[in-house]
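Below is one structure, written out as structure tokens; comments come after it.
The values are calculated or read from the model by the stated rules, or taken from the named source; none is laboratory data. In this text the structure is predicted, and so the values were computed from the model without any measurement. Every residue, glycine among them, receives a Cβ derived from its backbone with ideal geometry; neighbour counts consider all protein chains shown.
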Amino acid sequence: MSDVQAASPNQLVCTVLPTYNEQDNINALIERLLASNAAPYLVLVIDDNSPDGTWEIVEQFADRYPISSTSPEDSNRLAVALVRRIGEKGLTSAIQRGIDEAIHTYNAGIVTWMDCDLSMPPEDVPRLVQAIQKNEADVAFGSRWVPGGTDRAHGLMARTLSWIINSFARVMLYSRIHDYTSGFIAARAEVLERIRLRGGYGEYCIDLLYRAKRLGYRLVEIPYICVPRTAGESKTGLNLWDYLVKGRKYVSTIWQLSRKKSLT
Ligand SMILES: Nc1nc2c(ncn2[C@@H]2O[C@H](COP(=O)(O)OP(=O)(O)OP(=O)(O)O)[C@@H](O)[C@H]2O)c(=O)[nH]1
Ligand SMILES: [Mg+2]
């Protein structure tokens, strides 16, 4: 069972933003996050040396909103920081790097992350965070598939595949989770210290949510409306073949989790 306590409102909340070529989205995303969240709050961008210079835009924010890594508990303010990874690539490892920095460098008590294409409304981050601060959950995640949520970003084919994957996961993993591939997450630092991300795009999310549930943590799905990306390019592709390749990996992850005894 989970033995974590209610998160103190003074604990730093950190939103990790994994970016690759998001120059047309990053400005609005950071502005909207800073406007929506109460201090102490840190936006931590993990950029894989984007050729479009996303990291340069973030550097300017970091200059305007600096954080002291030596006394994070004193930072009763809004801050932005950048990790520019050179020679490394990948969504899961970028998020994990952000989690590690948030917890161990900046002493964050709650870590959140999301896509940076503005498909997940930045204004919804506080709803996830508050579920944890009010001690209603240890992990709160945005869900398209509970009442009040929906997906306006993807067509019928993608939504149908998502429905099939989530139904399969619920049956195989004996769970009530509706949006296993959400990717819009907030979690207590304690949970993320115990569970490291593994797997690729989307698979890591199925794996994380399932293991957190099995370890006795309280999960809550917060409905949100996923909207289409209006700038920049999708990194995962949008045709049937791309979806089938992704779907096969999800099914394999679910299958392996259903068979495995070890959860950590
Ligand atoms: N740091 C880093 N970020 C990445 C990498 N690949 C993708 N991202 C980011 O991961 C997030 C999700 O990427 P998207 O292209 O929106 O992928 P998706 O949401 O699965 O696909 P769509 O449904 O088409 O939006 C975005 O913020 C990307 O910039 C990577 O290799 N490194
Ligand atoms: Mg996206």
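State yes or no: is Y243 surrounded by 16 or more Cβ atoms within 10 Å (Cβ to Cβ), part of a helix (DSSP H, G or I), among the hydroxyl-bearing types (S, T, Y) and touching a residue at least 12 places away in the same chain (Cβ under 8 Å)?
So Y243 fits the description; yes.
How about region 192-208: which of its residues are in contact with a helix residue (DSSP H, G or I) (Cβ under 7 Å, 6 or more places away or on another chain) and either part of a loop (DSSP other than H, G, I, E, B) or more than 16 Å from I165 (Cβ to Cβ) (or both)?
Once the filter is applied, which keeps residues that are in contact with a helix residue (DSSP H, G or I) (Cβ under 7 Å, 6 or more places away or on another chain) and either part of a loop (DSSP other than H, G, I, E, B) or more than 16 Å from I165 (Cβ to Cβ) (or both), region 192-208 yields L192, E193, I195, R196, L197, R198, G199, G200, Y201, G202.
Which residue, of Y224, Y201, is touching a residue at least 40 places away in the same chain (Cβ under 8 Å), surrounded by 20 or more Cβ atoms within 10 Å (Cβ to Cβ) and within 16 Å of ligand 2 (Cβ to nearest atom)?
Step by step, each of Y224, Y201 is checked, and only Y224 is touching a residue at least 40 places away in the same chain (Cβ under 8 Å), surrounded by 20 or more Cβ atoms within 10 Å (Cβ to Cβ) and within 16 Å of ligand 2 (Cβ to nearest atom).
Of the conditions (1) within 16 Å of ligand 1 (Cβ to nearest atom); (2) among the polar types (S, T, N, Q); (3) more than 16 Å from A212 (Cα to Cα), Q96 satisfies every one except a single condition; which number is it?
(3)
Only one residue in R152, R77 is over 30 Å from W255 (Cβ atoms), in contact (Cβ under 8 Å) with a residue 24 or more places away in the chain, surrounded by fewer than 17 Cβ atoms within 10 Å (Cβ to Cβ) and touching a Cys at 6+ places or on another chain (Cβ under 8 Å). Which one?
R152
Are any residues in region 212-227 within 16 Å of ligand 1 (Cβ to nearest atom) and in a loop (DSSP other than H, G, I, E, B), and if so, which ones?
Y224, V227 - these are the residues of region 212-227 that are within 16 Å of ligand 1 (Cβ to nearest atom) and in a loop (DSSP other than H, G, I, E, B).
Would you point out which residue out of T230, T181 is within 16 Å of ligand 1 (Cβ to nearest atom), within 22 Å of V111 (Cβ to Cβ), out of contact with any Pro (no Cβ under 9 Å at 6 or more places or on another chain) and among the polar types (S, T, N, Q)?
T181
This table checks each residue for (1) modelled with pLDDT under 95; (2) of a type outside the set (A, V, I, L, M, F, W, C).
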{"site": "T19", "(1), (2)": "no, yes"}
{"site": "E31", "(1), (2)": "no, yes"}
{"site": "W55", "(1), (2)": "no, no"}
{"site": "V58", "(1), (2)": "no, no"}
{"site": "P72", "(1), (2)": "yes, yes"}
{"site": "R84", "(1), (2)": "no, yes"}
{"site": "I95", "(1), (2)": "no, no"}
{"site": "G98", "(1), (2)": "no, yes"}
{"site": "A102", "(1), (2)": "no, no"}
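From the list P18, P51, which residue is outside any loop (DSSP other than H, G, I, E, B) and of a type outside the set (F, W, Y)?
Going through P18, P51 in turn, the sole match is P18.
Would you please list the contacts, defined by Cβ atoms under 6 Å and residues six or more apart or on different chains, that run from a residue in region 20-49 that is closer than 22 Å to T92 by Cα and in contact (Cβ under 8 Å) with a residue 12 or more places away in the chain to a residue that is near ligand 1 (Cβ under 9 Å from one of its atoms) and aromatic (F, W, Y)?
Hits for this filter: D48/Y20.
Would you check if there is a residue in region 231-242 being more than 26 Å from V125 (Cα to Cα) and either among the polar types (S, T, N, Q) or touching a His at 6+ places or on another chain (Cβ under 6 Å) (or both)?
yes
Condition (residue is on the phi < 0 side of the Ramachandran plot and within 11 Å of ligand 1 (Cβ to nearest atom)) applied to region 63-74: is it met by at least one residue?
Among the residues of region 63-74, not one is on the phi < 0 side of the Ramachandran plot and within 11 Å of ligand 1 (Cβ to nearest atom), which makes the answer no.
Quick one: is Y201 over 28 Å from P228 (Cβ atoms) and modelled with pLDDT under 95?
Judged against the criteria, Y201 is not a match.
Here is a list: R159, R85, R188, R144. Which entry is more than 23 Å from P66 (Cβ to Cβ) and surrounded by fewer than 19 Cβ atoms within 10 Å (Cβ to Cβ)?
Answer to the selection: R159.
Okay, residues lined up against (1) within 29 Å of A39 (Cα to Cα); (2) at pLDDT 95 or above; (3) part of a loop (DSSP other than H, G, I, E, B):
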{"residue": "G142", "(1), (2), (3)": "yes, yes, no"}
{"residue": "W145", "(1), (2), (3)": "no, yes, yes"}
{"residue": "M157", "(1), (2), (3)": "no, no, no"}
{"residue": "T160", "(1), (2), (3)": "no, no, no"}
{"residue": "S182", "(1), (2), (3)": "yes, yes, yes"}
{"residue": "E190", "(1), (2), (3)": "yes, yes, no"}
{"residue": "Y210", "(1), (2), (3)": "no, yes, no"}
